[in-house]
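Here the structure comes first, spelled out in structure tokens, and everything after it is commentary.
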């Protein structure tokens, strides 16, 4: 029975099968695996512990299912199916990962992307069904390694360098996770992955929070998102946007629900990316900042910790994978057909890519929380929970951030890609499989918004919420109208930032500039100390050799010939001294 096997097993076995197949058979496999796995999870898996192993005195639980892990399991199967459908054309000669309009990928690299993505999705499933920290650590590191290949698949110098930086950051997260887990095991005698919290003040809890926070894109640890995602292939970015950060959100919801620092960390995450996204020219980088913004709502909801807030956080994570994936797919389709992602290079594409433009607008409406779209019924749960718990300042920041979402993702992405100045590019629609994946994503954005009660039944907490009340609908419509009016006013008055070809430096300067300086400075200091120590030791050795030479050399006193009478005299003196001390 498949239900007795951990869900990741099907994907790992599938990766081996995909690696040795080609053509139609490979395409059938990459679509069938998430479908079979999803159906098995939906119909065949119940809550409970399904697999345990005793190892070195600890109980490992590689397969533990409950409502929280099952929800993310459903999500990752949907995301894997959409991603593989979107990438189905790879190896057929359609460009993927074009750099300056030149395709740098081929059939073999297409296979690499499919295998890496299959292992990546399986690792995400392994992480959310892990019932202990050791199992979680294994999949945590597999997430890093397998996803790095999706960045390297772009096959450019920048993607190679970015991929290595990405991998280093996530390996650091894994080291912190393992360190915290071992400390927690020493304190409690258990490696079970349950609620951790920060109430005890244990260093283990803080180490684990930082480990999860790196993967979630906490402030100052967020630039791997905005750097790595734009450097991946168009198809690779869709997979990257679905798994890593959402595994981190799951881990935070599992381990730190109600941890107050998360309220303020999440609020900061909703706020600061808006300003970078407004200035940014690369549309995929804009979506990277938008992802940090949306994760901020989830982190804040987890920090609030009530049933409604946690439900809102995980529900918004589910919706975000769909609508953010749709936006990444739309921009990826533009990149595939034009080789460009900069707002200054695009515009006027609605004339020849009307279907892609329409689907992009659906994703923009979903992320902007228009009524009848997904974010309207998910993000509002978090904001209502903030009001109920009297976090009024937090709510105000979230309200501002919601207006910012409309500007930088709801309007900027479709406007600059399809409706701004006519760039003169006349690209055709992307392959049908890409349009099909985007269409399914658009339909899901609407279905979640139109039928929220069915979606709410999957959520882990018992908390009643009705999104379509008059106050919420009117408030959101007013917010959207004022946000759109503000954008139009700024555009017409010329106050809105001009389109500029620029690279905006973020906190990444800490590890891209300060990091190498620290390494060089440390290396210089270590080198000088090494030279000093070596020279001092050599001088000491030379002095000892010289002293030894003076005594044992050919002219030294110990090398001379001594008369037998003198030796007898010294023996007698030593014997007398011995007898004197002995008596």
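The values are calculated or read from the model by the stated rules, or taken from the named source; none is laboratory data. As the structure is a prediction and not an experimental result, all values here were calculated from the model. Positions of Cβ are generated from backbone atoms using ideal geometry, with glycine treated the same way; all protein chains shown enter the neighbour counts.
When the range 480-489 is filtered for residues that are more than 23 Å from residue 322 (Cα to Cα) and surrounded by 14 or more Cβ atoms within 10 Å (Cβ to Cβ), the ones remaining, listed by number, are 483, 484, 486, 487.
For residue 89, are the conditions met, namely being surrounded by fewer than 21 Cβ atoms within 10 Å (Cβ to Cβ), at pLDDT below 95 and out of contact with any helix residue (DSSP H, G or I) (no Cβ under 6 Å at 6 or more places or on another chain)? Spelling it out, it is not the case that residue 89 is surrounded by fewer than 21 Cβ atoms within 10 Å (Cβ to Cβ), at pLDDT below 95 and out of contact with any helix residue (DSSP H, G or I) (no Cβ under 6 Å at 6 or more places or on another chain).
Tell me the residue from 427, 442 that is in the same structural domain as residue 318 (by TED's automatic domain parsing) and part of a loop (DSSP other than H, G, I, E, B), please. It is 427. On the stretch given as the range 154-171, residues that are out of contact with any helix residue (DSSP H, G or I) (no Cβ under 7 Å at 6 or more places or on another chain) and closer than 25 Å to residue 262 by Cα total 1.
Could you say whether any residue in the range 340-357 is crowded, with 24+ Cβ neighbours inside 10 Å, within 25 Å of the chain's Cα centre (by Cα) and in a helix (DSSP H, G or I)? Checked the range 340-357: no residue is crowded, with 24+ Cβ neighbours inside 10 Å, within 25 Å of the chain's Cα centre (by Cα) and in a helix (DSSP H, G or I).
The residue that is farthest from residue 130 (Cα to Cα), among those in the range 1-51 that are touching a residue at least 40 places away in the same chain (Cβ under 8 Å) and touching a strand residue (DSSP E or B) at 6+ places or on another chain (Cβ under 6 Å), is 45. Restricting the range 55-70 to residues that are under 23 Å from residue 455 (Cβ atoms) and surrounded by 21 or more Cβ atoms within 10 Å (Cβ to Cβ), the residue that is modelled with the highest pLDDT is 69.
Considering 302, 263, the condition of being surrounded by fewer than 24 Cβ atoms within 10 Å (Cβ to Cβ), closer than 21 Å to residue 196 by Cβ and touching a helix residue (DSSP H, G or I) at 6+ places or on another chain (Cβ under 6 Å) is satisfied by 263 alone. State yes or no: is residue 263 assigned to a helix (DSSP H, G or I), more than 18 Å from the chain's Cα centre (by Cα) and at pLDDT 95 or above? Yes: the conditions hold for residue 263. Taking the conditions exactly as written (loosely packed, with under 12 Cβ neighbours inside 10 Å, modelled with pLDDT under 90 and closer than 30 Å to residue 236 by Cα), does residue 424 satisfy them or not? So residue 424 passes the test. In the range 283-312, the residues that are without any contact (Cβ under 8 Å) to a residue 40 or more places away in the chain and assigned by TED's automatic domain parsing to the domain that holds residue 394 form no Cβ pair under 7 Å with any partner that is part of a helix (DSSP H, G or I) and buried (at least 24 other Cβ atoms within 10 Å of the Cβ), whether six or more places apart or across chains.
Looking at the range 448-467 only, could you name the residues that are at pLDDT 85 or above, touching a helix residue (DSSP H, G or I) at 6+ places or on another chain (Cβ under 8 Å) and either within 15 Å of residue 375 (Cα to Cα) or surrounded by 12 or more Cβ atoms within 10 Å (Cβ to Cβ) (or both)? Correct list: 448, 449, 452, 455, 456, 458, 459, 460, 461, 465, 467.
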